[in-house]
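Step one of this worksheet: look at the structure below.
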Amino acid sequence: QVDPEMTLLTYLRRKLGLTGTKLGCAEGGCGACTVMLSRYQTDTNQLQHHAVNACLAPLCSLHLVAVTTVEGIGSVARKLHPVQERIALSHGSQCGFCTPGIVMSMYALLRNNPTPTMGDSQCFFLSGNLCRCTGYRPILEGYRTFTVVSGGRQNGCCLTNGSAAERTCPQGATPLFNAAEFKPFDPTQEVIFPPELMAL
Ligand code: FES
Ligand code: FES
């Protein structure tokens, strides 16, 4: 008996009380409401993950779809997910209103590709998320810690790459974080797709 006009965002916030997913513009423009939708593709036997604006997604469109919200991947009370931790340590969040949406866009990208690069096509994942106070550089610095170059993880500028002896900045800047202290990102430890949605 679902109201055909009910959106996923309304359902999450009003019915389930999951207010981590934010209501910004309500018209698909800001990305504050981003969640991850996962669907099992029976023809290819593969899972597909998509970052989606919950304010535009009719609840009725989600048959056989698993919904992951920011509450589902980590919290301060339990344990932050590496995506949340690294955005925070990179100073990628100020007022925080956009942050759950940015976290979920980054998370969906990593679920599809755990070893992304900093290439333009990869950074396209953030094109649907607006941030009005932090700016995008610190957010991308957090993302950079998940990216790879030439087979190894890339952790940022001259302050975070190379050995300890090599880490100096010609401009006199100090490092934002010590990448060695990050929680590791292990894609095998992520929430699994509900098996009952595969069997249907
Ligand atoms: Fe702005 Fe959904 S609330 S895109
Ligand atoms: Fe304020 Fe992004 S941190 S809008």
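With the crude spin-label approximation of a point 7 Å out along Cα→Cβ, what separation in nm comes out for GLN48 versus GLU190?
In this crude label model, GLN48 to GLU190 measures out at 1.6 nm.
With each pseudo-label sitting 7 Å past Cα toward Cβ, what's the LYS79-LEU56 distance in nm, one decimal?
3.5
Only sites in a loop by DSSP and with at most 15 other Cβ atoms within 10 Å count here; which trypsin sites (Lys or Arg not before Pro) in the range 1-79 make the cut?
ARG78, LYS79
Subtracting the Cα-Cα distance from 0.36 nm times the residue separation, let me have the gained length for HIS63 to THR19 in nm, one decimal.
Difference between extended and current length: 13.6 nm.
Out of ALA108, ALA26, ALA54, any idea which swings most in a Gaussian network model of the chain, alpha carbons joined below 10 Å?
ALA26
Between VAL148 and MET6, what is the FRET efficiency for a Förster distance of 41 Å, r being their Cβ-Cβ separation, to the nearest 0.05?
Efficiency for this residue pair is about 0.50.
So which helices of the chain fit the span-like rule, where a helix is a whole DSSP H run, its Cα atoms reach 18 Å or more along the axis, and its mean Kyte-Doolittle is at least 1.6?
Helices passing the filter in the chain: none found.
Calculate one ³J(HN,Hα) per residue across the range 10-27 by plugging θ = phi - 60° into the Karplus curve 6.51 cos²θ - 1.76 cosθ + 1.60, and present them in order as whole Hz with x for glycine and proline.
4, 4, 5, 7, 8, 8, 9, x, 8, 8, x, 7, 8, 9, x, 8, 6, 9
Report SER127's accessible area, 1.4 Å probe, all protein chains in place, as a number in Å² to the nearest 10.
Number for this one is 80 Å².
Could you tell me the accessible area of LEU89 in Å² (1.4 Å probe, neighbours in place), rounded to the nearest ten?
Counting only protein heavy atoms, the figure is 70 Å².
Can you list the residues, at least 5 places off or on another chain, whose amide H is less than 5 Å from the amide H of THR117, using H built in the peptide plane?
Counting only residues 5 or more places away or on other chains, the set is VAL148.
Keeping all protein chains in position, work out how much accessible area HIS50 exposes to a 1.4 Å probe, and write it in Å² to the nearest 10.
Taking all protein chains as shown, HIS50 has close to 90 Å².
Would you mind computing, in nm to one decimal, how far apart the modelled labels at CYS169 and ALA26 are, each placed 7 Å from Cα along Cα→Cβ?
4.2
Would you rank THR188, THR44 by solvent-accessible area, highest first, keeping every protein chain in place and using a 1.4 Å probe?
Heavy-atom accessible area, descending, gives THR188, THR44.
Using Cα positions and a limit of under 12 Å, work out the aspartates and glutamates in reach of LYS79, with same-chain residues fewer than 8 apart set aside.
The qualifying aspartates and glutamates are GLU71.
What GluC sites (Glu not before Pro) does the range 1-78 have in DSSP loop regions with at most 14 other beta carbons within 10 Å?
GLU5, GLU27
The values are calculated or read from the model by the stated rules, or taken from the named source; none is laboratory data. Because the structure is a prediction, the values reported are computed rather than measured. So basically every Cβ, Gly included, is an ideal-geometry build from the backbone, and we count neighbours across all protein chains shown. Surface accessibility is based on the protein's heavy atoms, side chains included, excluding ligands, DNA and RNA. Shrake-Rupley method; radii C 1.70, N 1.55, O 1.52, S 1.80 Å.
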